[in-house]
Ligand SMILES: NC(=O)C1=CN([C@@H]2O[C@H](COP(=O)(O)OP(=O)(O)OC[C@H]3O[C@@H](n4cnc5c(N)ncnc54)[C@H](O)[C@@H]3O)[C@@H](O)[C@H]2O)C=CC1
Ligand SMILES: O=C(O)[C@H]1O[C@H](OP(=O)(O)OP(=O)(O)OC[C@H]2O[C@@H](n3ccc(=O)[nH]c3=O)[C@H](O)[C@@H]2O)[C@H](O)[C@@H](O)[C@@H]1O
């Protein structure tokens with residue numbers, strides 16, 4: 001099958017960048033990204049490319065090149081579905097907040113809505129691609145909805161999970177470690193796989209395109225995220241032991257990372273991992289394991305989340321304890337709110353939970369993040385429903401200038417590893433702060449010895 005038109009439902013952190021790269025690399029294919037969210041689509045279409053809704057290094061250039069040529073953003077979901085031969089589903093799959101599986105299982109209502117919409121619109125055969133991260137065997141449910149339309153249209157369901165990380169999305173998409181495509185073993189299934197392989201082959205070499213059965217593909221995505229998050233919880237667990245024993249977690253990470261079987265990546269101790277996916281996907285995995293009665297498997301993976309929650313709480317407790325057991329009405333400055341550098345995404349950011357704890361202790365939290373607005377910070381805190389929105393409004397101070405954010409603070413806490421924090425004039429910051437001036441480096445990015453020489457009391461993670 002020659003592919004000339006692709007549609008993607010969901011213009012978010014995955015749908016937007018992924019389709020932009022497909023459009024850039026496949027000028028012969030028309031790519032339309034649709035979303036119900038009118039504001040988001042309007043932002044993708046904004047004449048000023050700086051206003052596209054997702055900040056990712058290099059993304060503006062790619063969107064600028066392809067948009068209007070063979071990349072389109074639209075709210076006309078039906079038209080795009082009707083015209084496309086391949087339909088990617090890239091909608092959100094958050095943790096359920098109600099009913100059975102509340103707080104654990106993935107909420108698949110948006111996925112089901114997409115399937116029903118495709119079923120009602122499609123007049124010819126389609127390849128439907130699961131791009132969202134889904135519980136293993138979701139393809140079965142999608143297929144059942146699609147096959148019960150009774151209008152004779154044939155659907156092939158493929159699983160093609162996305163492995164990009166935010167902040168490096170463009171690089172990850174241009175040079176992926178692998179592309180994973182799961183499909184049905186039947187002849188039709190295999191030919192659908194080959195149609196999608198042909199799309200990626202425009203820029204990804206054949207040895208990096210892996211094809212499997214659908215269930216392996218679905219489960220590989222959850223497994224990859226669980227393994228990645230597990231490494232962070234493992235090193236964070238060691239960071240606490242380092243603090244008690246005089247070992248230094250950076251040295252330990254380097255020493256173990258030189259073992260080629262362990263590898264050096266993803267071993268940075270931190271205030272805890274955030275982001276929209278690690279926690280959600282592990283909870284989902286735990287739920288699936290429990291639903292098969294595999295309680296030991298479930299408990300094993302749940303520990304990754306328990307450790308991460310502990311690490312965030314440990315960080316806020318340590319601030320309170322170090323500041324003479326009270327932060328009441330003290331200004332504590334957060335440098336960074338995003339869940340990692342080079343993104344404006346704050347979902348599940350450790351900063352939210354640390355701020356929540358400190359506000360419980362009546363601290364005044366001053367926030368500076370180069371890409372996150374006050375509105376977002378307040379929305380993140382309000383979402384926790386710990387207290388009235390007006391109290392959050394009262395307790396959070398926001399700044400556009402880091403030096404103003406730090407002035408008169410009792411402590412500065414690094415919550416995100418933005419490069420610019422390293423370059424600041426720390427002497428100037430020290431001079432403007434209350435004394436003793438504390439720095440709690442939740443990302444181990446600053447030069448502790450240099451800060452101590454200035455006069456700061458410096459505490460990193462795991463040393
Ligand atoms: N954010 C990330 O870095 C990664 C996310 N994923 C997975 O990709 C999926 C999407 O994640 P994000 O892009 O971060 O989510 P997102 O929340 O940024 O975007 C999802 C979009 O889908 C739209 N949508 C929902 N239902 C719709 C419908 N019926 N019709 C049209 N539009 C609809 C929403 O309005 C939203 O704009 C999730 O399953 C996630 O686990 C996978 C890899 C990386
Ligand atoms: O499914 C997803 O959503 C994606 O989840 C992660 O990507 P992402 O969450 O965007 O970013 P990461 O670089 O993995 O960082 C996640 C969190 O872990 C933290 N982290 C990361 C690495 C490390 O060594 N230490 C550490 O604390 C980061 O600061 C961040 O808060 C995975 O890396 C992607 O492969 C996956 O596609």
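Being farther than 21 Å from residue 352 by Cβ, away from ligand 1 (no atom under 16 Å from the Cβ) and either surrounded by fewer than 21 Cβ atoms within 10 Å (Cβ to Cβ) or modelled with pLDDT of 95 or more (or both): is that true of residue 272 here?
The answer is no for residue 272.
Residues that are more than 27 Å from residue 95 (Cβ to Cβ) and away from ligand 2 (no atom under 14 Å from the Cβ), at least 1 per element: which helices (runs of 4 or more DSSP H) completely within region 223-325 meet that?
It comes to 249-257, 295-322.
Can you name every residue in region 384-410 that is touching a residue at least 60 places away in the same chain (Cβ under 8 Å), within 27 Å of the chain's Cα centre (by Cα) and closer than 18 Å to residue 327 by Cα?
Within region 384-410, 397, 405 qualify.
Which ones in region 116-161 are closer than 18 Å to residue 179 by Cα and more than 16 Å from ligand 1 (Cβ to nearest atom)?
127 - this is the single residue of region 116-161 that is closer than 18 Å to residue 179 by Cα and more than 16 Å from ligand 1 (Cβ to nearest atom).
Mind listing whichever residues of region 411-430 are farther than 16 Å from residue 312 by Cα, in contact (Cβ under 8 Å) with a residue 60 or more places away in the chain and assigned to a loop (DSSP other than H, G, I, E, B)?
418, 419
List the number of the failed condition for residue 279; all other conditions in (1) buried (at least 23 other Cβ atoms within 10 Å of the Cβ); (2) touching a strand residue (DSSP E or B) at 6+ places or on another chain (Cβ under 9 Å) hold.
It fails just one condition, (1).
Could you check how many residues of region 166-182 are without any contact (Cβ under 8 Å) to a residue 40 or more places away in the chain and assigned to a loop (DSSP other than H, G, I, E, B)?
Summing the residues that are without any contact (Cβ under 8 Å) to a residue 40 or more places away in the chain and assigned to a loop (DSSP other than H, G, I, E, B) in region 166-182 gives 4.
Quick one: residue 378 ticks every box in (1) touching a residue at least 40 places away in the same chain (Cβ under 8 Å); (2) closer than 26 Å to residue 305 by Cβ; (3) in contact with a strand residue (DSSP E or B) (Cβ under 8 Å, 6 or more places away or on another chain); (4) part of a helix (DSSP H, G or I) except a single one, so which number is it?
With (1) touching a residue at least 40 places away in the same chain (Cβ under 8 Å); (2) closer than 26 Å to residue 305 by Cβ; (3) in contact with a strand residue (DSSP E or B) (Cβ under 8 Å, 6 or more places away or on another chain); (4) part of a helix (DSSP H, G or I) applied to residue 378, the lone miss is (1).
Of the numbered conditions (1) in contact (Cβ under 8 Å) with a residue 12 or more places away in the chain; (2) in a helix (DSSP H, G or I); (3) surrounded by fewer than 17 Cβ atoms within 10 Å (Cβ to Cβ), residue 140 fails exactly one; give the number of that condition.
(1)
Tell me which residues, restricted to region 364-385, are exposed (fewer than 14 other Cβ atoms within 10 Å of the Cβ) and touching a helix residue (DSSP H, G or I) at 6+ places or on another chain (Cβ under 9 Å).
Within region 364-385, 383, 384 qualify.
The values are calculated or read from the model by the stated rules, or taken from the named source; none is laboratory data. Since the model is a prediction, treat every value here as computed from it, not as a measurement. Note that we place each Cβ from the backbone using ideal geometry, even for glycine, and neighbour counts take in every protein chain shown.
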